[in-house]
1. Quick one: what are the phi-derived ³J(HN,Hα) couplings along the range 221-231, Karplus 6.51/-1.76/1.60 with θ = phi - 60°, whole Hz, x for glycine and proline?
2. Give the aspartates and glutamates reachable from Lys232 as a straight Cα distance under 19 Å; neighbours fewer than 8 places away on the same chain don't count.
3. Sort Lys287, Lys38 so the one with the fewest other Cβ atoms within 10 Å of its own Cβ comes first.
4. What is the order of Phe302, Phe332, Phe181, fewest Cβ neighbours within 10 Å to most?
5. Within 10 Å of each candidate Cβ there may be at most 15 other Cβ atoms; applying that plus a DSSP loop requirement, which trypsin sites (Lys or Arg not before Pro) in the range 127-159 survive?
6. Could you sort 11-22, 103-114 so that the peptide with the highest average Cβ count within 10 Å comes first and the rest follow in order?
7. What's the ranking of 314-323, 229-238 by average number of surrounding C-beta atoms within 10 Å, highest first?
8. For a footprinting-style exposure proxy, rank Phe306, Phe178 by other Cβ within 10 Å, fewest first.
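Read-outs: derived from the displayed coordinates by stated rules, not from any lab. Everything numeric here is computed off the predicted structure, so don't read it as measured data. Here Cβ is always computed from backbone atoms with ideal geometry, including for glycine, and neighbour counts include all displayed protein chains.
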Amino acid sequence: MNKAIRFKSKSEMIAEEIKTAIISKLYGIGMRLPTERKLATELRTSQLTISKAIAMLSREGLIDKRHGSGNYVVNSVKSIRISFLIDENKYGINPIWSSIYEKFYISAFCSDINIKINMNIIPENCNRIEPLHVDNSDIIIVAVALNPQRVESICEMGKTVIWLEEYSSELPGFSVYFDNFNAGWMAAEHLYEQGCRKILYLVYKMTADSFSGEYYISRRRLEGLSALARKKGMECHSLSFCYPKGNTIHELRTHIDNANDSFDAVCCFSDDLMPYVIRTVVGAGLKIPEDVAVIGFDGQPFCGSFIPTLSTLSQPIDAIALTALKIVKDYFTGVVVEKSYPLPAQLIVRESSLLNNQSRRLNKNESEKNKTI
């Protein structure tokens, strides 16, 4: 038997409009609302509908009625509805975003504010985020790969947004993100300390189906990597390709076969690429990490159990989740909130890049330099 569809009443829709105005700071905490007559005029409805809508908001604790007719004062928000958007690809939900969501959810559950969270999965080939994805939410937390179409469609909704990925331009709302430039710098610094002097960076490009052009956070990681390389006198080259694709291993193998001794370290845009790189490097007769050190980004769970174990620049999952939650609580209680929160990476060193005998690699680089001279 089909469940009957319940449509919202006019007063419920007006209550949502007033709440959206309060949340967007049109009416601040402690301020008086306009009179019922003025609200009715502004929202093009009847005064009776306004009275019913305000009664709903009063029961929610968002509005207090003071002495006098139509004298309403805005309270801090007691209940917040959040849409948490998470990327999905053919392998499933992004594990980093999923971990951030779990930490956010558990922490929000223990919060003194009633936070209602609805997780919405966004397919990889979805270019526009539709209102259906964020139905009835007061705030949107965006944990998806960003492109101009996605950003534009989210901004068009006019809701408060917390973005969890770095973007090429300033975004409306708040941004809490992994500092990709800093992570690239840290990766190059670690490789330099291990005796590496020639780095190959595997640059990620968006697949033609869902995105076009270079992925911004990939470029930021390369910029950080290159900046430290220039400072230390290292060589840094990049190889661009679309991922995932069936010919990824073939591309890597061809490049490594042609490169000979042109690099002694591979820095992967994402941890997901490292198993392919390990397989390719070993297949070319090279040893890890003696001949080629390998490091990635993000801190995927499998890195600690792979053979060899994989070094990575881990995203600060707890810090991202807790910072996003703090923004939610501060914003809705009237506390001034910063717009941007870049968070540093955590370097996790494992077998794939840890060279016990650094002098061996340094001597090898020196002898190659002498041959060139």
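1. Ordered by residue, 3J(HN,Hα) equals 5, 5, 4, x, 4, 5, 4, 5, 4, 5, 4 Hz.
2. Straight-line reach from Lys232, under 19 Å: Glu189, Glu193, Glu223, Asp264, Glu366, Glu368.
3. Going from sparsest to densest Cβ surroundings: Lys287, Lys38.
4. Fewest to most other Cβ atoms nearby, the residues stand as Phe302, Phe181, Phe332.
5. Arg128
6. Top of the packing list down: 11-22, 103-114.
7. Final packing ranking: 314-323, 229-238.
8. In order of increasing Cβ crowding within 10 Å: Phe306, Phe178.
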